[in-house]
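Worksheet for the structure shown next.
The values are calculated or read from the model by the stated rules, or taken from the named source; none is laboratory data. From a predicted model like this one, the values you see are computed outputs, not experimental measurements. Glycine also receives a Cβ, built like all others from the backbone with ideal geometry; neighbour counts cover every protein chain displayed. Calculation scope for accessible area: heavy atoms of the full protein, side chains included, ligands and nucleic acids excluded. Shrake-Rupley method; radii C 1.70, N 1.55, O 1.52, S 1.80 Å.
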Amino acid sequence: MNIFGYLGLLLIFPGFLFTAFMGLMVGWVDRKVTARIQYRVGPPWYQNFFDIAKLFFIKETLIPAGVSRALFLGMPALGLAGATLVSTMVLVINASPKTGFIGDLIVIAYLLLIPPIAVMLGGFVSENSLASLGASREMKLMMSYELPFILAMTVPIIKCGYSIKLGEMISAQYVNGPVFASASGVIAFFVMMLCIQAKLGFVPFDMPEAETEIMAGPYIEYSGKALGIFKLQKAMLGFIIPVFMITLFFGGIKDDFSGFMKNIAEFAGILVIMIVIKNTNPRVRIDQAMGFFWKPVTAAAVIAVALAYFGK
Amino acid sequence: MYANILANMVLLPISAGLAMFIIPERYGRLAKFLSFIIALGLFAASIYVFNVKPAFWPGVDKPIFMADTLSSFIGLGIAFFALVTLTYSFAFIDKDIVKYNSYVLITLGSSLGACYSANFLGLLIFWGVLALALYLLVNMSGTSGAAKASEKALVIIGGTDALMLFGVGILWAATGSFSMDKTHLPLDSALSIIAYLSIASASLAKAGAMPFHSWLPDVAEEAKVPVTAYLPASLDKLLGIYLLARISLDIFAMNSISNTILLVIGSVTLIFAVTLALVQHDMKRLLGYHAVSQVGYMIIGIGTASPIGIAGALFHMLNNAIYKSCLFLTSGAVEQKTGSTDMSKLGGLSKYMPVTFAACLVSSLAISGIPPFNGFVSKWMIYQGIIESAKSSGPLWVIWLVAAMYGSALTIASFMKLLHSVFLGRPARNFGDVKDVGLLMAVPMAILALLSIIFGIFAFTIPLKLFIIPAAGSAVFYIGTWSPGAATMMLVAGLIIGLGIYAFMKSKSFRTTTTFIGGEEPSSMDRVSGTEFYDTLKDMKWLGRIYKKEDSGSFDIYVQTKNLISVFTGVLQRLHNGVLPTYIVWCLLGMIGLFIVLFMGKI
């Protein structure tokens with residue numbers, strides 16, 4: 001593939017534009033379902049697009065006095081770059097599993113760390129105490145959910161014959177059935193659901209942002225375009241992480257009609273679980289979250305790995 | 001003449017270092033000049049050795065020095081890091097210049113000697129000189145803390161050196177030779193296992209792995225920064241891992257038990273040291289704990305016994321030396337310009353020291369294993385080594401994999417804290433008068449940071465192809481995929497998308513304001529220094545206990561051995577109570593014992 005091929009994949013489909021569109025749509029589903037749970041009508045489907053456009057085109061971008069402009073404005077762009085690259089990789093590999101596009105499962109797991117790091121550094125750069133506090137919570141949260149996340153990730157690795165290439169994992173599940181069809185797969189799936197709830201910063205694990213308490217934490221000084229880019233990056237992750245889960249546990253996106261319908265059902269299922277957890281739980285304290293991920297969730301993940309090892 | 005090059009490379013710097021003592025202190029510049037020329041020459045010579053690999057010293061049946069693919073690569077690394085840290089130290093070391101340069105040259109010669117030695121006797125001698133040189137270099141700080149730290153380092157490294165002598169003795173009894181050939185002695189008898197573990201303990205102590213790690217954070221905190229960057233951060237890592245690789249790959253034939261021992265040591269070192277690093281308050285001490293924890297990856301890599309894991313371990317050794325010495329050098333820059341490395345007294349320095357900050361940011365991301373930097377590639381190879389070994393061994397591989405990957409997440413946490421409390425966040429005081437470092441200090445940091453980037457993006461075409469795969473000695477098959485070039489290109493394209501969003505808007509929609517904290521004056525709010533970020537961990541029951549025990553020295557082999565020895569000497573002390581009848585009773589008891597033995601023999 002030549003350089004323009006790569007750029008096309010990255011910029012338009014299935015990279016930046018497509019994922020951003022889907023991410024904002026997912027955001028709308030989230031808001032709509034939340035509204036219905038709370039007996040409200042909810043916004044129209046284009047609301048999130050208007051919100052982003054407002055930040056990009058109308059609102060002014062405030063920069064705290066005395067901070068490095070390049071770093072302050074660069075961090076949102078870095079986060080967006082990470083999210084775009086992960087989206088492109090996951091979707092391209094799903095479209096053609098035989099091409100080992102850019103990287104494997106471990107690469108994706110590490111690239112997924114770039115957006116939160118960008119958010120934290122952005123918060124640090126703004127020299128605001130509340131931003132520092134929020135970013136430190138983000139870091140502690142990451143420290144706690146990474147342990148069960150890595151453990152849960154080894155279950156598909158074992159199930160797919162010790163392969164870490166995403167394409168091979170998709171093919172292996174095509175032959176042997178999805179990872180989710182086993183006891184270990186189910187447990188690992190739900191462990192990972194909880195981890196991505198925290199990765200995406202959804203309630204009850206939104207203490208890094210905690211609007212009512214530390215006023216959006218690392219985002220506190222961000223406004224206008226810079227905030228818009230951060231929001232866009234978050235929306236993209238909201239779409240691509242469930243797709244990544246589908247790839248790991250349900251054998252990826254299928255190219256036949258019935259398979260694709262199943263994919264949509266799986267995606268909706270993941271989304272509904274996230275939204276229901278979000279709407280039925282209050283925010284927990286950071287030490288509670290750490291204890292939760294390090295004790296029961298990790299224990300469940302260990303059980304899943306043990307079951308997978310014994311072929312269950 | 002060429003054949004003698006190895007011997008000359010070892011003897012020249014040592015004799016120059018000894019001769020340098022006669023230079024009076026006020027001609028410090030001459031000492032600097034001489035040591036720089038010698039280091040430069042050795043770097044050139046090591047490149048030559050790396051390309052040609054003269055294997056024998058003529059006239060002797062058995063070579064004293066040799067350069068194979070592994071040792072010529074290590075020698076190149078030693079000469080390179082010596083040159084870089086020496087350049088930096090010209091602007092950093094301001095007194096005892098002659099002494100410092102002479103110790104550095106002696107260290108350089110002995111390190112090259114240890115790495116080019118073709119037999120264990122040479123290795124033992126140079127190893128001993130290195131321990132002494134480290135002691136002298138650390139002591140140059142002149143503080144009481146440095147005296148204690150250097151003593152600890154000398155006792156631990158010297159003690160394991162004695163163990164190595166013991167192991168070499170057993171090896172000689174088993175094979176009848178001291179040479180470092182590919183003997184592949186099987187680890188099937190108790191003696192050979194003891195020999196392996198004894199020699200391995202020397203390499204682990206040098207590299208700073210558990211349980212011989214405790215000297216490293218102390219030295220990092222107390223020694224002058226160029227010394228730390230020179231020895232514990234780069235040369236000691238290269239030599240320690242070199243010896244471990246040498247005995248594990250060539251001299252002994254590893255089996256699953258010895259591999260598991262390495263994997264356990266590696267995993268424990270990794271997780272434990274990084275957990276301790278999280279709560280440190282001093283930048284240099286924090287980096288010292290990371291210097292311990294990163295060794296874990298290399299030991300795990302060698303323990304996987306798969307070609308890709310071993311190559312990953314060697315690559316990680318090189319990468320770690322690059323970014324870790326760079327990080328120490330940035331801490332030296334911060335110390336020189338602000339007078340402190342206490343993280344609660346810093347903050348916001350990125351505006352005043354942009355070059356230092358950029359070097360520190362790149363190295364921090366590299367050590368955290370963020371793609372596309374070099375640390376990611378070597379960690380990625382080690383993970384593959386673990387997964388590769390999983391196919392042939394029991395379920396324990398999950399533990400090693402989780403330890404390695406989770407250790408990486410904790411490393412990120414630790415470096416986020418460091419970046420925040422030193423370079424970002426609100427400054428602790430007005431640093432308006434602080435300027436960035438001069439060229440002599442900036443260039444070494446910039447070179448190392450650039451290497452972290454280049455060895456990451458062009459990992460497969462430059463370092464792996466030229467150095468690592470030949471040194472590891474066997475073909476490597478990747479079970480994953482990673483194209484750093486394409487990924488970097490796409491990350492840059494993504495960055496451009498983000499910057500483009502700023503660009504296609506009118507610039508007047510940007511405005512500068514003061515920070516907002518709920519309408520309060522920013523200065524009325526307590527500053528978050530960042531050092532207390534992870535104090536939540538201290539409040540957790542079992543983690544808190546571990547931190548308390550570490551503070552009291554429970555995990556320090558030096559303190560524990562000292563306690564053990566004082567128990568024995570305590571018993572002996574009590575026997576010596578100075579009362580004559582007691583001594584007479586002991587004499588009589590001894591004589592009775594002797595008589596019984598003698599008469600039993602007769603009957």
Value of D in µm² per second that Stokes-Einstein yields for the stretch B:1-247, Kirkwood Rh from Cα pairs, at 37 °C (0.692 mPa s): 180
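Count the DSSP beta bridges whose two residues both fall in the protein assembly as shown, then state the antiparallel fraction as a percent rounded to the nearest 5.
Details: 5 of 11 bridges.
Counting only bridges with both partners in the protein assembly as shown, antiparallel ones make up about 45 percent.
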One-quarter of the Cα convex hull surface for chain B, in nm²? 37.7
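Give me the summed buried accessible area for the A-B pair, 1.4 Å probe, to the nearest 100 Å².
Working: alone 14660 and 26700 Å², together 34350 Å².
For chain A against chain B, roughly 7000 Å² becomes buried.
Using the Cα centre of the protein assembly as shown as the reference point, and only Cβ charges (+1 on K/R, -1 on D/E), how large is the resulting charge dipole? Debye, rounded to the nearest 20. Can you show the working numbers first?
Details: 62 positive and 46 negative charges, 164 e Å.
My answer is approximately 780 debye.
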Placing +1 on the Cβ of each Lys and Arg and -1 on the Cβ of each Asp and Glu in the protein assembly as shown, which of A:11, B:310, B:475 has its Cα farthest towards the positive end of the resulting dipole? A:11
Residues of the stretch B:347-364 that bury at least 50 Å² of accessible area, probe 1.4 Å, when all protein chains are present rather than the chain alone, are B:351
Per-residue average of other protein chain Cβ atoms inside 10 Å, peptide A:143-150 -> 5
Amide H contacts of residue A:252 (H built 1.01 Å from N, under 5 Å, at least 5 apart or other chain): A:247
Which residue, B:242, B:165, B:216, has the largest displacement toward the positive end of the dipole of the stretch B:161-242 when charges sit on each Cβ (Lys, Arg +1; Asp, Glu -1)? B:242
Cα-Cα separations in chain A greater than 25 Å, expressed as whole percent: 50
If unit charges are put on Cβ atoms (+1 for Lys and Arg, -1 for Asp and Glu) and the dipole of the protein assembly as shown is taken about its Cα centre, the option from A:148, A:214, A:29 lying farthest towards the positive end turns out to be A:29
Could you give me D for the stretch A:39-195, from Stokes-Einstein at 25 °C and 0.890 mPa s, where the hydrodynamic radius is the Kirkwood radius over C-alpha pairs? Units µm² s⁻¹, please. 132
For residue B:541, give me every one of the lysines with a C-alpha distance below 18 angstrom, ignoring sequence neighbours fewer than eight places off in its own chain. A:140, A:295, B:549
The stretch A:3-309 - percent relative contact order, Cα under 8 Å, separation 6 or more: 28
Grab the stretch B:317-422 and count how many Lys pairs have their alpha-carbon atoms under 25 Å apart, sequence gap of 8 or more, or different chains. 12
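Might you report the magnitude of the Cβ-based charge dipole of chain B about its Cα centre, with Lys and Arg at +1 and Asp and Glu at -1, to the nearest 20 debye? It would help to have the intermediate numbers written out before the result.
Numbers: 39 positive and 29 negative charges, 115 e Å.
Value, rounded to 20: 560 debye.
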Gap in Å between the Cα centre of the stretch A:209-247 and the Cα centre of the stretch B:321-386? 27
Give me the mean projected area, in nm² to one decimal, of the convex hull enclosing the Cα positions of the stretch B:254-480. 11.9
To the nearest 20 debye, the stretch B:453-603 has a Cα-centred charge dipole, built from +1 on Lys and Arg Cβ and -1 on Asp and Glu Cβ, of 340
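How big is the Rg/Rh ratio for the stretch B:560-602, C-alpha atoms only, Rh by Kirkwood, two decimals? Mind dumping the intermediate values first?
Numbers: Rg = 15.2 Å, Rh = 12.5 Å.
Checking Rg against Rh, the ratio lands at 1.21.
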Computed [θ] at 222 nm, deg cm²/dmol, chain A (DSSP H ≥ 4; -39,500 (n - 2.57); rounded to nearest 500): -23000 deg cm²/dmol
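With the contact rule set at Cα under 8 Å and sequence spacing of 6 or more, what percent relative contact order holds for chain B?
The normalised contact order for chain B reaches 13 percent.
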Relative contact order computed over the stretch B:1-247 (Cα-Cα under 8 Å; 6+ residues apart), in percent: 21
Under 13 Å between alpha carbons, and skipping anything fewer than 8 positions from residue B:224 in its own chain: which aspartates and glutamates qualify? B:94, B:96, B:335
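When the expected Rg is taken as 2.2 N^0.38 Å, what fraction or multiple of it is the alpha-carbon Rg of the stretch B:418-497? Don't skip to the end; give the middle numbers.
Values: Rg = 18.9 Å, N = 80, 2.2 N^0.38 = 11.6 Å.
Here the answer is 1.63, to two decimals.
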Give the long-range amide H neighbours of residue B:65: residues separated by 5 or more places, or on another chain, with amide H under 5 Å away, using H modelled in the peptide plane at 1.01 Å from N. B:57, B:118
For the stretch A:180-247, what log10 I(q)/I(0) values come out of the Debye formula at q = 0.21, 0.22, 0.26 1/Å, with one point per alpha carbon and no solvent? -0.93, -0.98, -1.16
Find the Rg to Rh ratio for the stretch B:6-114, where Rh is the Kirkwood radius over alpha-carbon pairs and Rg uses the same atoms. 1.02
Cross-link candidates for residue A:254: which lysines have Cα within less than 24 Å, leaving aside residues fewer than 8 places away along the same chain? A:98, A:159, A:165, A:262
Nonlocal amide H pairs with residue B:185, under 5 Å, H built at 1.01 Å: B:252, B:253
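Under the rule of -39500 (n - 2.57) per DSSP H run of 4 or more residues, summed and divided by the residues of chain B, what mean residue ellipticity at 222 nm is obtained, to the nearest 500 deg cm²/dmol?
Numbers: 23 runs with 409 residues, N = 603.
Theoretical 222 nm ellipticity from helices: -23000 deg cm²/dmol.
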When the convex hull of the C-alpha atoms of the protein assembly as shown is computed, what volume per residue in Å³ does it have? 209
